[in-house]
Amino acid sequence: MTTRAEFLGSIRREMNKTGGLFMAPSVPRPVDASQTAEAVRRQMLERWPLALERFREEFERVAGIFHRVATLDEVPGAIRGIAQERQVKSVLSWHPGAVGLDLRRSLGAEGYTVTVAPEGDPDAGARAHHRDAAARAEIGVTGVDLALAETGTLILTSGRGRPRSTSLLPATHVAIFGRDKLVESLEQVGVMLEALHADPARAMSGAVITFITGPSRTADIELTLTRGVHGPKEVHAVFVEAP
């Protein structure tokens, strides 16, 4: 029987036979993640416009659809426009405390069916109800924990009031974020996530961090590319200019 050490050793030997496409050295973990994260935030106070433009370019390169609004009050109008273009009426949203606005007050009053994730720890009945609503919803609206400029990637952490199903089940995912969520590199993402989970007061209760780079893509054995098999067919990013 092969031991664990022998198994891992054989993998390392095979991997060493072929060089990678580029050097990918490991990055040392920061001694104080919170202090390093604060330094990143200070840098991004000045560099966010360039990071946003890079994010837009990369996001659109992977078939994402970018929107820009002046204030949070304009976000429902952007979502309404997306819904009207696709002729859909059902919207699923993170809890208002997690996403930053309550779409029931705007879209709900206009005849849209808006389901909001429960806050805290819902009972089994509430969870089942939300799962059913998520399976039927046509648009899922979330916030964003980080927006990675170099790849146009949206990074979401799950937790209370922010279930994974909102960004994964509906055919159209709409993600809302501001300048404070922008980072430039994957190294900065690692620092920010480590700082988040190092602080018990800020750590998320969920166990999943989702990296979303464009719509879901699946290719069969004949390399025929299909969107939306394992996730949304469309991903929209709505950037809010006001801090």
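The values are calculated or read from the model by the stated rules, or taken from the named source; none is laboratory data. Note that the structure is predicted; figures quoted are calculated from it, not measured. When we count neighbours, we look across all protein chains shown, and the Cβ atoms used for this are built from the backbone with ideal geometry, even at glycine.
Of note:
- Residues that are assigned to a strand (DSSP E or B), in contact with a helix residue (DSSP H, G or I) (Cβ under 9 Å, 6 or more places away or on another chain), farther than 18 Å from K233 by Cα and of a type outside the set (A, V, I, L, M), drawn from the stretch 141-183: G143, T157, G159, R162, G178
- Count of residues meeting criterion [at pLDDT 95 or above and over 21 Å from A83 (Cα atoms)] in the stretch 157-184: 7
- Boolean, L169 is buried (at least 19 other Cβ atoms within 10 Å of the Cβ) and closer than 22 Å to T71 by Cα: no
- Number of positions in the stretch 128-140 that are closer than 24 Å to R86 by Cα and either outside any strand (DSSP E or B) or acidic (D, E) (or both): 9
- Any hit, the stretch 35-51, residues being of a type in the set (V, I, T) and under 15 Å from I176 (Cα atoms): no
- Meets criteria (crowded, with 23+ Cβ neighbours inside 10 Å, among the small types (G, A, S), out of contact with any strand residue (DSSP E or B) (no Cβ under 7 Å at 6 or more places or on another chain) and at pLDDT 90 or above) for G152: yes
- With respect to the conditions (1) surrounded by 12 or more Cβ atoms within 10 Å (Cβ to Cβ); (2) touching a residue at least 12 places away in the same chain (Cβ under 8 Å), Q43 falls short on a single one, namely (2).
- Extreme residue, modelled with the lowest pLDDT, among residues of the stretch 197-219 that are more than 13 Å from T153 (Cα to Cα) and part of a strand (DSSP E or B): A219
- Residue match in the stretch 69-77 (condition: under 27 Å from L193 (Cα atoms), in a helix (DSSP H, G or I) and charged (D, E, K, R)): no
- Residues of the stretch 86-117 classified as in a loop (DSSP other than H, G, I, E, B) and either surrounded by 16 or more Cβ atoms within 10 Å (Cβ to Cβ) or of a type in the set (K, R) (or both), total: 13
Each row is one residue, and each column tells you yes or no for (1) more than 29 Å from P243 (Cβ to Cβ); (2) in contact with an Asp or Glu (Cβ under 8 Å, 6 or more places away or on another chain); (3) at pLDDT 95 or above; (4) part of a helix (DSSP H, G or I).
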| residue | (1), (2), (3), (4) |
| --- | --- |
| A5 | yes, no, no, yes |
| E14 | yes, no, no, yes |
| K17 | yes, no, no, no |
| F22 | yes, no, no, no |
| P28 | yes, no, no, no |
| V31 | yes, no, no, no |
| Q35 | no, no, no, yes |
| M44 | no, yes, yes, yes |
| R54 | no, yes, yes, yes |
